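Here is the structure we will look at.
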Amino acid sequence: MSKLGVVEDTLFIPMLGRLYASQHCPQILHDEKALQLKGQLPPGLLEQKGQSQYTLLASAVRSANMDRFIRAFLERRPDGIIVQLGCGLETTYHRCDNGHTRWYAVDLPHVVEYRRDLLPEPERETYLAGDAFAEDWIRRIRADVPDAPILVTAGGLFHYFEEAKVVGLFRMLQQFGKIQLVFDAVSKSGMSMMRKRYMKQVGHADARMFFYVDLAAELAGKIGGGAEVLVQEPYYCHIRKDGLQFFTKVSMAVSDRWCMVKMIQLKL
């Protein structure tokens, strides 16, 4: 784990959220693989460092939402391919694999190297090192599966990039056949709240955020080329809230009422 200093900030916050949910709120997410890996993680990184239940669960809810979209996609398209952009240490394969789907996990080279140390490649999941915004990874996948329908997931990835770069990625993917994309996004007001509260609590108060989506239909119009909104839904709308702290419930309700954070599924 020689690369720990390089990747710890971006990798372990989501892992910490999945561990918290698995131990305290399994009705939201139970991640057995994350629990198995807990003993291999540096103890200092497992400290909650002032996070609230709400901030801890925000990452777990993202994973739970992605799981739901992936399972629904594979039910509709059993021949489908799953691609995780900015995979980090996500363990989605171990929660959602159906026994025959091909999976790909894409991230920067040093992240993929660290991931391999902790999570060796399973039988049908291929790790690809590269830039999520370059086309190398999708060319490689299309060389393997020229015609298969693809679901690309991008959790917690786009907030930190300019809109032009994100839209450019979506347009690029339109050149590679049948692709759907699922991602989480904040509204303009949600971004302001995220900067003030969430990023401060998780230790990233200086993080710069750029990309937000108020209406998915407006984003689809900017992408052009026939991009279609399949789903836009409030982030917490499918999450069981029984047993959660009062502040957590209120925060989730406010977020959903004003659609500050949302899940979006596009057909490109």
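For region 13-40, the candidate set comprises residues that are at pLDDT below 95 and over 28 Å from V152 (Cα atoms); within that set, the residue that is surrounded by the most Cβ atoms within 10 Å (Cβ to Cβ) is Q40. Annotation note: of G44, G80, the sole residue that is surrounded by fewer than 23 Cβ atoms within 10 Å (Cβ to Cβ) and out of contact with any strand residue (DSSP E or B) (no Cβ under 8 Å at 6 or more places or on another chain) is G44. Annotation: A154 fulfils all but one of (1) within 26 Å of G221 (Cβ to Cβ); (2) over 17 Å from the mean Cα position of the chain (by Cα); the unmet one is (2).
Inspect region 242-260 for any residue being hydroxyl-bearing (S, T, Y), at pLDDT 95 or above and part of a loop (DSSP other than H, G, I, E, B) and give the result as yes or no. So far as region 242-260 goes, no, none of its residues is hydroxyl-bearing (S, T, Y), at pLDDT 95 or above and part of a loop (DSSP other than H, G, I, E, B).
The values are calculated or read from the model by the stated rules, or taken from the named source; none is laboratory data. This one's a predicted model, so the numbers in the text were calculated from it and none came from an experiment. Every residue, glycine among them, receives a Cβ derived from its backbone with ideal geometry; neighbour counts consider all protein chains shown.
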